[in-house]
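Working notes for the structure below.
The values are calculated or read from the model by the stated rules, or taken from the named source; none is laboratory data. Because the structure is a prediction, the values reported are computed rather than measured. Reconstructed Cβ throughout: ideal geometry from the backbone, glycine too, with neighbour counts over all protein chains shown.
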Amino acid sequence: MLSEALTQPVFYYDLGSPRCYLLAERIMADLPVVPEWEPVLAVDLGIEVVEPDREALELLVDERRMQPLRWPQQWPPDGRTAALAATYAKHIGRAVAFSLACFRQTFAGGRDLGDESTVLIAAAACEMHPSAVLKGIGLRSVTTGLDQAVARARAAGVTQLPAIGVADRVFTELEEAAEALAAQTGTQR
């Protein structure tokens, strides 16, 4: 049984980041505690969005026996609408399902993240009604929620993505976060 004092880890991610996608595909299985999923925008955190090392990422995907990466033509992707939709999805308890569907549309399907139809296809994949999503991303409370998530990430010390907050520490590697959580729970890794 987990300690009552255990702090839930927080997974900070940008839907336009292939590194965040790769971590998202593993995080639920590889952490001893289910994390809170916190969508943010790298650009709002002051994190420079650079062209990824596609070859290295493709090799990593191949090693993990994942579906091959299909790179969207638009780079860097405009993830603001998707981040708002993920924030809305979080408000209705669908952050994980929506975010994984959105990542997969972008990096396994090669679709443009900035295209509203990509967001709506991802939403439909997790049973979110397109009209509700469109209304949700236009809500002031959703915009405020995304801004607050960015502020929380900044306050936690997030300087690169993906990031996993564990108590008062931030990790960029899943294995390090898992070890910190194992130490916190008193379990072996």
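A few points about this structure:
- Whichever residue in segment 137-168 is basic (Lys, Arg) and surrounded by 14 or more Cβ atoms within 10 Å (Cβ to Cβ) and, among such residues, is farthest from Thr87 (Cα to Cα): Arg154
- Note on segment 36-64: residues that are modelled with pLDDT under 95 and closer than 20 Å to Ala101 by Cβ amount to 1.
- Enumerated helices (runs of 4 or more DSSP H) restricted to segment 1-94, each holding at least 3 residues that are buried (at least 20 other Cβ atoms within 10 Å of the Cβ): 18-30, 80-91
- Complete set of residues in segment 133-178 that are over 17 Å from Val43 (Cβ atoms) and touching a strand residue (DSSP E or B) at 6+ places or on another chain (Cβ under 6 Å): Ala156, Gly157, Ile164, Gly165, Val170, Phe171, Thr172, Ala177
- Matching residues in segment 148-174 - criterion: being out of contact with any Cys (no Cβ under 7 Å at 6 or more places or on another chain), touching a residue at least 24 places away in the same chain (Cβ under 8 Å) and within 18 Å of Met28 (Cβ to Cβ): Ala163, Ile164, Gly165, Val166, Leu174
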